[in-house]
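Undergrad: Quick one: the structure is below, and I'll ask about it shortly.
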Amino acid sequence: MIPWLHLSTATMPGGGGTLRLMQRGQEFSIMAEGGIELMNSRLSGSEQALAGLTAERLAGRPGQRVLIGGLGMGFTLRAALAAWPKETRIVVGELAPEVVDWARGPMAAVYGGCLDDPRVSLAVGDVRDQIRGEAVWDAILLDVDNGPEGLTRRANDSLYDVAGLAAARAALKPGGVLAVWSSAPHAVFSRRVRSAGFVVEELKVKAGPGRRKASHVIWLAVKR
């Protein structure tokens, strides 16, 4: 068994603890405190589905603007670049500058140069600032923390509470989509997003190949 190597540590702004970048052979993992794995380079299916399913729901809308909350390992961004037309503009909000450094450094092959695509703008900081800014979005994709049941930063909860959902809805164009990724079902959030003025689909998607029982949850919430 090849041992895990600790490559780097990121300190989350706002007292959110730390993230550790680990490598084992060609496999990478980003772990929260306590050794809890948040993402793995071998498991990308649900992150790709977050972008692909959202793009399907918005097919045919011209000149779309898409906000992705959380760079992660770039899987959602790469899928968005593949799924949306070339005139689409995509903004990625990433809280931890170190994650951007990892994307351009030890994990450059995993990201595949997606941050250099001219359609992409990177906003280092809290994605809530983008949601509450002046821009209006066709889609907001949230792959932040572990989903509504956060693990790394208590402030992330405000993306998924009543006020956070209201802010996301206000930032969307009519018919726009709020897409939310979660590592597991969350009954309270399901009820909350349905009460926030959205038409909602809740989908279970595979986390990755070779793990038939491993699945994640995506909510696709369309602004009425």
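Undergrad: Given the Cα-Cα distance of residue 9 and residue 129 and 0.36 nm per residue of separation, how much length would full extension add, in nm?
TA: Answer, rounded to one decimal: 40.7 nm.
Undergrad: How many Å³ per residue does the convex hull of the Cα positions in region 31-103 occupy?
TA: 95
Undergrad: So, for the chain, what is the accessible surface per residue at a probe of 1.4 Å, expressed in square angstrom?
TA: Averaged over the residues of the chain, the accessible area is 46 Å².
Undergrad: One quarter of the convex hull surface, Cα atoms only: what value does that give for region 71-163 in nm²?
TA: Its Cα hull, projected and averaged over all orientations, spans 6.4 nm².
Undergrad: While we're looking at this one, here's another question. Relative to the longest principal axis of the C-alpha atoms of the chain, give the angle of the C-alpha long axis of helix 162-171, reported between 0 and 90° and rounded to the nearest 10°.
TA: On a 0 to 90 degree scale, this one is about 70.
Undergrad: Please report the carbon-and-sulfur percent of the accessible area for the chain; probe 1.4 Å, protein heavy atoms only, DNA, RNA and ligands left out.
TA: 52
Undergrad: Another question, then. By how many nm would the segment from residue 26 to residue 86 grow when fully extended, if each residue of separation counts as 0.36 nm and the alpha-carbon distance is taken off?
TA: Length difference between fully extended and current span is 18.5 nm.
Undergrad: Give the average over all directions of the projected area of the C-alpha convex hull of region 90-142, one decimal, in nm².
TA: Its Cα hull, projected and averaged over all orientations, spans 3.9 nm².
Undergrad: How large is the Kirkwood hydrodynamic radius of the chain, in angstrom, based on all distinct alpha carbon pairs?
TA: The Cα-based Kirkwood calculation yields 17.5 Å.
Undergrad: Here's another thing I want to ask about it. Indicate, rounded to the nearest 5 percent, the antiparallel portion of the DSSP beta bridges found entirely in the chain.
TA: Antiparallel: roughly 60 percent of the beta bridges in the chain.
Undergrad: Could you pull out the GluC sites (Glu not before Pro) across region 1-99 that fall in loop regions by DSSP (anything but H, G, I, E, B) with no more than 16 other Cβ atoms inside 10 Å?
TA: 33, 87
Undergrad: Would you kindly calculate the translational diffusion coefficient of region 105-205, applying Stokes-Einstein with the Kirkwood radius from alpha carbon pairs, for 4 °C and a viscosity of 1.567 mPa s, and quote it in µm² s⁻¹ without decimals?
TA: In µm²/s, the coefficient is 86.
Undergrad: Treating each Cα of region 1-69 as an identical point scatterer and ignoring solvent, apply the Debye formula and state log10 I(q)/I(0) at q = 0.26 Å⁻¹.
TA: So the normalised log intensities work out to -1.13.
Undergrad: How much length is gained on full extension from residue 109 to residue 188, taking 0.36 nm per residue of separation minus their Cα-Cα distance?
TA: Here the segment from residue 109 to residue 188 would lengthen by 24.7 nm.
The values are calculated or read from the model by the stated rules, or taken from the named source; none is laboratory data. In this text the structure is predicted, and so the values were computed from the model without any measurement. Backbone-built Cβ (ideal geometry, glycine too); neighbour counts: all protein chains shown. Surface areas here come from the heavy atoms of the whole protein model, side chains and all, with no ligands, DNA or RNA. Shrake-Rupley method; radii C 1.70, N 1.55, O 1.52, S 1.80 Å.
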